[in-house]
Every structure is written in C-alpha cells, then in structure tokens.
Amino acid sequence: MQNFRYSRAADVADAVRLAASEPARVRFLAGGTTLVDLMKLDVETPTHVVDINRLGLDQVEVTAEGEVRVGAMVRNADLAHHPHIREHYPVLSQALLAGASAQLRNMATTGGNLLQRTRCVYFRDRAAPCNKREPGSGCSAIGGFNRNLAVLGTSEHCIATNPSDMNVALMALGARVQVQGVDGMRTLALDEFYLLPGNTPERETVLAPGELIVGVVLPALPAGTRSAYLKLRDRASYEFALASAAVVLNVRDGRIEQAGIALGGVGTRPWRCPQAEQRLLGQAPHESTYAQAAEDALRGAVPQSGNAFKIELARRCLAHALSTAVPPHNA
C-alpha cells in the first residue's frame, strides 16, 4: 500500500473542501469494503483519504411526497432490514441480502455500493494490461478469462461487469442520486449516473473529481406494486451474479400499467431494459409476454469466448423474476 494523508471530515462541507484540495487523488472512506482492498493491491493509490464516517447521512426518511431518502452512509444491513423498505421496496431488500456476507453488509454503505468496482481479475492484477486501471494498456479479458464478464454495453476497450446487487434494484426502481460538490448539490437519475466504457473505461460515473454522494431517493410507488430480485450464481452464498434481474411491476385491471426492469451480472453497468419494459406495458401477465420481454432485454448482447451462456441464462433469469413478482395468467 502506498503512503497517503488521512483526514477526518467534520461535515459534508468539510469533506467536499478537503477533496477539492487535490480532487484527482482524493478518495472518500466510508465502510472501506472495496477501497481498502484495492489500496492493498495498489490498484487504488490515493494521496489523500478523507474519512466520512462522522457525517451522519445515516437515516432512511419518508418524505411528505411519499418518496424515501436514503442517506449515503446507511449501512447495507440496516437498509435491507428497514421496515419501510421491506414492506414497500422488497426488491431492494432482497438484492441487498443477496450480496456479500453479513459482516460486509454491516460495514458497506449505500454511497459506497454505488461506486463498487468491477471484480474482473485483470483489473485487480497489476501485472496484466487493463484499460480501466491503466488507460491505453489493453484489455486482457478480451480473449482471456471472461466467463464472469459482460455481454451488454461492452466495447473493444473493456468488457468488465458491474458487480453490485443493490444497484440493479435501484435501477429498476428508477432511483435518483444526490451529489454534493464545491458548486452545490445536484440530483441525477441513476440511469444517467453510470457511463458505458466506450473508449474511456476508466470513467465509470459522471461524478466530477471531489464530488460526494450524499443520498439516494426512491420514488413513491403506486399501491399494489409488486417486485422481485433473482440472482443466479455458481454457489448459493458469498458469490457475484452470473446473471440477476430486478423487476418492479404494477398491474391494474389485469394489465401491466408500469414496469421497471434491470439486469445484473451481464452489463458493464447496472443494466436498465427499456425495450423489455415497453414490451410489457398494456399486456396481461403471461409466460409468452415475459419470454418476449426477456428476448428484448438481451437483444444486442455480444458474447466473448467464455460467456455466451450468460445470454440464455439472463433471459431465463428475467422471465422467472417476472413470474415471481406477478404470476402469469396463462388461461
């Protein structure tokens, strides 16, 4: 691990001020479940680490409009078990409980999870070329070991998969991210927060250097909304998704009126599926409709040498998640 300066921020304004001193080389420390690992591997080499554990930002609040604001420092375990989240946003609770271990969920934070880095083995191996870690060096995963990597949103420069479970559920819910910088606060739709790798895979989000995530806003859901999260993996616990699906459906008078769909384990970012959502609108819940939506969701997928199986796996995962949320009427 490289030497670094350590500061403890007193409040949000202080954290942003400290980060502004050298924004490109400053990292915020919350639970540390990703950052500390990457610093030990010399993948992350900040010159200044700003501890934000004293900022508060650890409340789950229901607004007058019926939305829910989740502070960036809310721990994953606390959010998963929060009564309001379990009752009104079960897809989010299920996704959080599907991730990591109980010990990690007790430490990991909402804001940190939004910035979780890929588990691509080449990204974490400084002996291997990796455009995400060292722009212009090449992508070892293309033609290398890529069984766990992405088939959606890839480019010739990077095929690394976003590893988060939480963010897949947030994407399906249409969550918004609140960000504080030296120029004030801005709010971004989660779908606009993440970037595709393109020819700059080192840039994963639209965050400017030194900006701090302060919260996530969950929209109010119509009465009767049903949701589900399904994760398929090599083993039943403590493993990243080969494919996962988060679905949020509202059915009225036997027809799907609203739909939110996102996939995990197969995209370079938490993968929103607007074509699949559109396919469902106005339709009765039916196995054939769900199968067509799953086809739409994986249209355009580009397999690599070792992960073509993910396309069919993700289709089946999504169709089953839809059937779990709203059982089909096949009569």
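Please report the carbon-and-sulfur percent of the accessible area for the stretch 5-51; probe 1.4 Å, protein heavy atoms only, DNA, RNA and ligands left out.
Numbers: 1090 of 2140 Å².
Carbon and sulfur together cover 51 percent of it.
For K132, give me every one of the lysines with a C-alpha distance below 18 angstrom, ignoring sequence neighbours fewer than eight places off in its own chain.
The qualifying lysines are K40.
Have a look at the DSSP beta bridges in the chain and tell me what percent are antiparallel, nearest 5. Each step should come with its number before you reach the end.
On the way: 40 of 49 bridges.
In the chain, approximately 80 percent of DSSP beta bridges are antiparallel ones.
Report, in cubic angstrom per residue, the convex hull volume of the C-alpha atoms of the stretch 225-325. Mind showing how you got there, number by number?
Details: hull volume 9.2 nm³, N = 101.
Output value, Cα hull per residue: 92 Å³.
Cross-link partners among aspartates and glutamates for K231, C-alpha distance below 17 Å, same-chain residues fewer than 8 apart left out?
Output for K231: D165, E239, E312.
Under 16 Å from a point placed 7 Å out from the Cα of E156 along the Cα-to-Cβ direction: which residues of the stretch 111-135 have their backbone N that close?
131
Can you show me the helix-derived [θ] at 222 nm for the chain, built from DSSP H runs with n ≥ 4 at -39,500 (n - 2.57) apiece and divided by the number of residues, rounded to the nearest 500.
On the way: 12 runs with 94 residues, N = 331.
Result for the chain, helices only: -7500 deg cm²/dmol.
Taking all protein chains as present, what is the carbon and sulfur share of the accessible area of the stretch 225-325, in % to the nearest whole number, probe 1.4 Å?
Exposed carbon and sulfur together represent 46 percent of the surface.
Just need the relative contact order of the stretch 225-325 here, percent rounded to a whole number, with Cα pairs under 8 Å and 6+ apart. Provide the component values of the computation, followed by the final result.
Details: 193 pairs, mean separation 28.7, N = 101.
The value is 28 percent.
Mean-square fluctuation check for the chain, GNM, Cα pairs under 10 Å: which of D234, D37, D78 is largest?
Residue with maximal mean-square fluctuation among D234, D37, D78: D234.
State, as an integer percentage, the relative contact order of the chain based on alpha-carbon contacts under 8 Å between residues 6 or more apart.
17 percent
What does the accessible area of S93 come to, in Å² to the nearest 10, when a probe of 1.4 Å is used?
Estimated to the nearest 10 Å², S93 gives 10 Å².
Please work out the average accessible area per residue across the stretch 34-165, using the 1.4 Å probe convention, and give it in Å².
Details: 5590 Å² over 132 residues.
That works out to 42 Å² for each residue.
For the chain, set up a GNM with springs between Cα atoms under 10 Å and report which of G153, G254, G181 has the largest fluctuation.
Residue with maximal mean-square fluctuation among G153, G254, G181: G254.
The values are calculated or read from the model by the stated rules, or taken from the named source; none is laboratory data. The shown structure was predicted, so the numbers you read here are calculated from the model rather than taken from an experiment. Quick reminder, even Gly has a Cβ in these numbers, built from the backbone with ideal geometry, and neighbours come from all protein chains shown. Please note that ligands, DNA and RNA were not included when accessible areas were found on the heavy atoms of the full protein model with its side chains. Shrake-Rupley method; radii C 1.70, N 1.55, O 1.52, S 1.80 Å.
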